[in-house]
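Single-structure report; data block below.
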Amino acid sequence: MAFLVEDGTGLATSNSYLSVAGFKIYHTDRKRDFSVHTDETIQSALIEASDYIDRRYVYVGYRTRGRAQAMEWPRSSAIDVGDNLIDANSIPYEIAFSCAELALTATAAALIPNIEFDPSGGFVTEQTDTVGTVRHSVKYSTTRGRKAFPSYGSADSLLRRLARFNLQLVRAS
């Protein structure tokens, strides 16, 4: 699949919230050096960052074009923490900026580790294997679901304005 930046129209094949040029402007403005990375490396990192943003967070509203669009944004009926309605035909700056932050991290290490889950939904936190006198032990986390994703402070602080943490659904009577 080719690198395609979401433009706010709900594209069916987009895979990034930010362009390479946008990445470079964002980090240049913050005096961060990314010169060792090729455009292809940055594109891959932007795709990984966008995947992380879509998988890690829960947002209010719904996809503007439903299942016809590839990514979680743009969204209709989306609001920020101040209950301000977000334009349904745009990508909020918080999404673009967090994509830039996460992409720089992704140039050095995977954002979403390959996590092994047990049948109850816990993930493996430690595994020990010994061959001589056979020893095998596995420790599982007691946390579930999205908590298995690593947290990145810069992205979390930006996305906190849009994402909903600890949502509780209540059924209307």
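The values are calculated or read from the model by the stated rules, or taken from the named source; none is laboratory data. Computed from a prediction, not measured in an experiment: that's the story for all the values here. All Cβ positions, glycine included, derive from the backbone under ideal geometry; neighbour counts span all protein chains shown.
So the values come out like this:
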| quantity | calculated |
| --- | --- |
| Matching option when the condition is out of contact with any helix residue (DSSP H, G or I) (no Cβ under 7 Å at 6 or more places or on another chain), charged (D, E, K, R) and closer than 27 Å to Ala88 by Cα, among Asp33, Asp51, Asp29 | Asp51 |
| Among the candidates Ala2, Ala70, Ala110, residue that is at pLDDT below 95, in a loop (DSSP other than H, G, I, E, B) and within 24 Å of Phe149 (Cα to Cα) | Ala110 |
| Those residues of region 54-76 which are over 14 Å from Pro92 (Cβ atoms), more than 14 Å from the chain's Cα centre (by Cα) and surrounded by fewer than 17 Cβ atoms within 10 Å (Cβ to Cβ), in sequence order | Tyr62, Arg65, Gly66, Arg67, Ala68 |
| Candidates Ser44, Ser50, Ser98 - the one that is surrounded by fewer than 19 Cβ atoms within 10 Å (Cβ to Cβ), of a type in the set (Gly, Ala, Ser) and under 21 Å from Pro150 (Cβ atoms) | Ser44 |
| Check on Phe3, over 19 Å from the mean Cα position of the chain (by Cα), crowded, with 16+ Cβ neighbours inside 10 Å and among the aromatic types (Phe, Trp, Tyr) | no |
| Tally, over region 77-95, of residues that are crowded, with 18+ Cβ neighbours inside 10 Å and not in a loop (DSSP other than H, G, I, E, B) | 2 |
| Filter result (charged (D, E, K, R) and not assigned by TED's automatic domain parsing to the domain that holds Thr107) within region 1-48 | Glu6, Asp7 |
| Scope region 54-85; condition farther than 21 Å from Leu4 by Cβ, of a type in the set (D, E, K, R) and out of contact with any helix residue (DSSP H, G or I) (no Cβ under 9 Å at 6 or more places or on another chain); matching residues | Asp83 |
